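The values are calculated or read from the model by the stated rules, or taken from the named source; none is laboratory data. Treat the numbers as computed from the prediction; the structure is a model and nothing was measured. Because the Cβ atoms are built from the backbone with ideal geometry, glycine has one as well, and the counts that use them run over all protein chains shown. Surface areas here come from the heavy atoms of the whole protein model, side chains and all, with no ligands, DNA or RNA. Shrake-Rupley method; radii C 1.70, N 1.55, O 1.52, S 1.80 Å.
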Amino acid sequence: MKIVDAKVVVTSPGRNFVTLKLTTDEGLTGLGDATLNGRELAVVSYLTDHVAPLLIGLDPHRIEDTWQSLYRGAYWRRGPVTMAAIAAVDVALWDIKAKAAGLPLYQLLGGASRERVGTYGHANGRDIPELLDSVRARLAEGYPAVRIQSGIPGLKAVYGVSDTDETGAPVLHQQARPLVEDWDTAAYLRHVPTVFEAVRAEFGAELPLLHDSHHRLTPVQAARLGKDLEPYRPFWLEDCTPAENQEALRLVRRSTTTPLAVGEVFNTVYDYQTLVTEQLIDYVRSAVTHFGGVTPLRKLFDFAAQYQIKSAIHGPEDISPVGMAAAVHLDLAVHNFGIQEYSGHTPLTDEVFRHAYTFSDGHLHPGEAPGIGVELDEELAAAHPYAAAYLPVNRLHDGTVHDW
Ligand code: EZ4
Ligand code: CO
């Protein structure tokens, strides 16, 4: 079998998605997600200008060799643009291999290690009463665990909570410049424990509660927050410090028993080396889409398993259903699965990307369709062209740009 076509499809059914479609001489097709939120077109160029021409004529069954040649052969290793592009190729090749075998991808990854994949959903509110309503909505949808994010008194706009739609997803600002939001770490650190207190008072001790700090704290601030949240037994505290300094997590780890989850902006195993070998975290959070695909993410999970660290694949609305499908196959197959973030997509997005995976009673299943089980409606995709959109930036009261 040979790859005869490699096509990149950009579509915006409400938000931008980048998809690689490979076609073989036997008529099999494979899809891979290459969406990098706010930097989509850089990956499109990487794929169309530098990767697609190399794929024509290759045997699609040689997944490991293709991965290694794209990773090592480029000379310029790592980075989100490169690794999103490689991820799309990797997933498209797994899709083809599984279709050729007539099996859903999870069967090629060792088969099911569980019956279904547990998830958490997002609850957001501008204030605590609004957040409590949002938690109620997620529970009504069946979610067994909920991430809680709340507006902060004194701050006008906080990421993901100021402007959300009825599903709890941040409303996208399709504009040529990032929206500017404000930030005050002291106000945040005072407020978050009161949020947990209110949610525990309303929903009881058993509901798993998660919280995401979006990399905004110093190590000592993160340690303080971890300690302050201990009485409320969080399921985890996510991305408490900027991720590039792995050693920062040593202080946090020594200071608190609040479980820690890190990694959605990481793109190779090297970003995790200290965190995993020193057991500084409890969950690795990379997405299939941003980590170079199923091949390296599977290796990361096996590495993490030696240290009792579990998987928690990043699954926001900016991972396309193609990336989500690949994630759910891995989730079902790996032994050290922890939890899957799942926001779902709009009905229009689900029409552009018809998928075999299902969400019911708060759990995902990849389905039994051969491959990853996603079909791209290219006509509908073309009817919704790219629209520039950026993640917001945040600034302190004096105007200083703050960490994400
Ligand atoms: O900010 O996906 O855990 N989920 C998150 C997401 C990320 C966005 C970035 O594109 O932190 O909401
Ligand atoms: Co996050």
Taking the alpha-carbon centre of each part, the distance from segment 274-313 to segment 133-156 in Å is 27 Å
Quick P(r) readout (segment 3-103; Cα-Cα; 5 Å bins; whole %) gives 3, 14, 26, 26, 18, 10, 4, 0
In the chain, lysine pairs 8 or more places apart or on different chains with C-alpha atoms under 30 Å apart total 18
Computed over the chain: longest principal axis from alpha-carbon atoms vs helix 185-203 long axis, angle to nearest 10 degrees, is 90 degrees
From highest to lowest solvent-accessible area (probe 1.4 Å; ligands, DNA and RNA excluded), Y75, Y357 read Y75, Y357
For the chain, longest principal axis from Cα atoms; helix 219-229 axis from its Cα atoms; angle between them, nearest 10 degrees, is 70 degrees
Counting only protein heavy atoms and leaving out ligands, DNA and RNA, the solvent-accessible surface of D228 at a 1.4 Å probe, in Å² to the nearest 10, equals 50 Å²
Summing -39500 (n - 2.57) over every DSSP H run of at least 4 residues in the chain and dividing by its residue count gives a helix-only mean residue ellipticity at 222 nm, to the nearest 500 deg cm²/dmol, of -10000 deg cm²/dmol
Carbon and sulfur atoms account, in whole percent of the 1.4 Å probe accessible area of segment 3-103, for 55 percent
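What order do you get for 89-98, 118-127 when each peptide is scored by the mean count of other beta carbon atoms within 10 Å, highest first?
Values: 89-98: 27.6, 118-127: 21.8.
Result, highest mean Cβ count within 10 Å first: 89-98, 118-127.
Over segment 108-370, what is the mean sequence separation of C-alpha contacts under 8 Å (at least six apart), divided by residue count, expressed as relative contact order in percent?
Values: 485 pairs, mean separation 51.9, N = 263.
Relative CO of segment 108-370 lands at 20 percent.
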Of T346, T257, ordered by accessible area with the largest first and a 1.4 Å probe, the sequence is T257, T346
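Contact order normalised by length for segment 250-402, with contacts defined as Cα pairs under 8 Å and 6 or more residues apart; what percent is it?
Working: 207 pairs, mean separation 24.5, N = 153.
It rounds to 16 percent for segment 250-402.
Normalised by the number of residues in segment 140-275, what is the relative contact order in percent for Cα pairs under 8 Å and 6+ residues apart? Numbers along the way, then the final one.
Values: 182 pairs, mean separation 28.4, N = 136.
Result for segment 140-275 is 21 percent.
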Sequence order, segment 250-258: Karplus ³J(HN,Hα) from phi using 6.51 cos²θ - 1.76 cosθ + 1.60, θ = phi - 60°, Hz rounded, Gly and Pro as x, gives 4, 5, 4, 4, 5, 9, 8, 9, 5
Quick tally, 1.4 Å probe accessible area for W76, W404, sorted with the most first, runs W76, W404
For the chain, the longest principal axis of the Cα atoms and the Cα long axis of helix 321-333 enclose an angle in degrees, to the nearest 10, of 80 degrees
Residues whose built amide H sits under 5 Å from the amide H of R147, excluding neighbours closer than 5 in sequence, are G121, H122, A123, L210
Burial-style ranking of 275-284, 200-209, average other-beta-carbon count within 10 Å with highest first, yields 275-284, 200-209
Long-range alpha-carbon pairs in segment 108-370, meaning those over 35 Å apart, account in percent for 11 percent
For segment 190-265, the Kirkwood Rh over every pair of distinct alpha carbons, in Å, works out to 12.5 Å
Cα pairs beyond 15 Å in segment 45-95, in percent, come to 38 percent
Ordering 315-322, 298-305 by per-residue average of other C-beta atoms within 10 angstrom, highest first, gives 315-322, 298-305
